[in-house]
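Structure provided below as structure tokens; questions to follow.
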Amino acid sequence: MYAMWRLQVALCTLSVLSLSSGGESKARSCSDVRQAYNAKGFSLVNVPHQEISGEHLRVCPQGYTCCTSEMEDKLNQQSKLDFENLLEESSYNMRTTFVSQHKKFDEFFLELLDNSEKSLNSMFTRTYGKLYMQNSEVFQDLFTELKRYYTGGNVNLEEMLNDFWARLLERMFQLLNSQYHFTDDYLECISKYTDQLKPFGDVPKKLKAQVTRAFIAARTFVQGLMVGREVANKVAKVNVVPACVRALTKMLYCPYCRGMPGLKPCHNYCHNVMRGCLANQADLDAEWNLFIGKEKKDYDSNRASLHLVFIFSL
């Protein structure tokens with residue numbers, strides 16, 4: 001996963017230095033360790049000035065050391081905190097990208113739909129005047145249902161569009177034959193034969209295909225962004241197990257106890273530790289890449305949404 005890779009890069013350096021496991025034959029000064037330890041915000045009380053015997057150490061190599069038991073415990077806690085902070089930082093951009101892209105697309109699509117409705121209403125008002133205004137709720141209901149579908153409402157898109165054309169046919173039939181009175185059964189009968197009569201030509205078929213394609217793609221895409229955000233949030237909350245903390249401490253802070261606070265882990269060593277700490281997250285890598293690929297495909301498909309501008313403006 002991209003975020004996991006970013007985390008590994010953040011922790012792993014390209015240094016060719018590796019940690020030595022051998023002890024020193026003579027106690028050395030701990031001045032560099034004291035300075036680095038204090039820079040982490042820890043008190044220097046009880047921090048040795050010179051290396052001491054390290055039989056008390058439980059994580060770092062025993063032998064001559066600059067660490068007391070208290071120091072090792074604090075560095076152990078610090079390694080866990082460093083890891084959590086780096087994970088939070090490395091996944092922040094990914095999480096905020098999902099949020100911002102969801103907001104941008106949602107605003108764009110709803111604005112596109114609103115503009116289409118206004119354009120149609122303006123054109124029909126100019127063309128049909130009072131006649132349209134008295135029956136405009138048929139079109140207003142259409143746009144209401146389209147918005148409800150896009151925002152996750154329980155709407156059958158195909159049935160909704162069929163109902164729109166049926167209502168429009170009934171309304172127009174009554175207006176064109178206003179001198180007669182028709183029963184509801186008669187009007188329902190007319191609606192049933194819409195496909196055979198084709199009073200609107202191929203327009204309903206074309207409109208259904210275009211609207212269905214645009215809205216299914218848009219709804220799928222925007223829901224995918226929401227799911228991606230939630231997954232990213234959950235994956236960023238790693239349960240750091242004791243074995244991971246121990247490995248992190250050995251890699252990041254045992255050099256302090258060895259009197260070498262500036263020593264960095266080699267590339268392979270760091271990646272091995274990261275793979276162990278992020279084993280569960282690594283299992284998501286293949287599925288995550290498939291998800292990102294699907295989102296990109298849906299994004300490209302959403303260009304079909306631009307058809308709305310022309311569909312409802314003609």
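List the trypsin sites (Lys or Arg not before Pro) within region 42-150 that fall in a DSSP loop (any state other than H, G, I, E or B) and whose Cβ has at most 14 other Cβ atoms within 10 Å.
Arg58
Separate question: Tell me the trypsin sites (Lys or Arg not before Pro) within region 191-285 that lie in a loop according to DSSP and have at most 15 other beta-carbon atoms within 10 Å.
Loop-located and lightly packed - Lys237.
Check each of the GluC sites (Glu not before Pro) in region 98-144 and keep only those in coil by DSSP with at most 15 other C-beta atoms within 10 angstrom; list them in order.
none
Two decimals, Cα atoms only, Kirkwood Rh: what is Rg/Rh over region 61-110?
We get a ratio of 1.46 for region 61-110.
Using all Cα-Cα distances in region 101-195, what percent lands in each 10 angstrom bin from 0 up to the longest?
13, 37, 33, 13, 3, 0
Scan around Ile52 for amide H atoms under 5 Å from its own, H built in the peptide plane at 1.01 Å from N, and keep only partners 5 or more places away or cross-chain.
Thr65, Cys66, Cys67
May I pose another question? Per 10 Å bin from zero, what fraction in whole % of the C-alpha pairs of region 136-188 is there, up to the bin with the longest pair?
That works out to 22, 44, 24, 9, 0, in percent per bin.
Values quoted throughout were computed directly from the atomic coordinates according to the rules given, and no laboratory measurement underlies them. Values in this document were obtained by computation on a predicted structure and should not be read as measured data. Counting neighbours? That spans all protein chains shown, and the Cβs are built from the backbone with ideal geometry, glycine included.
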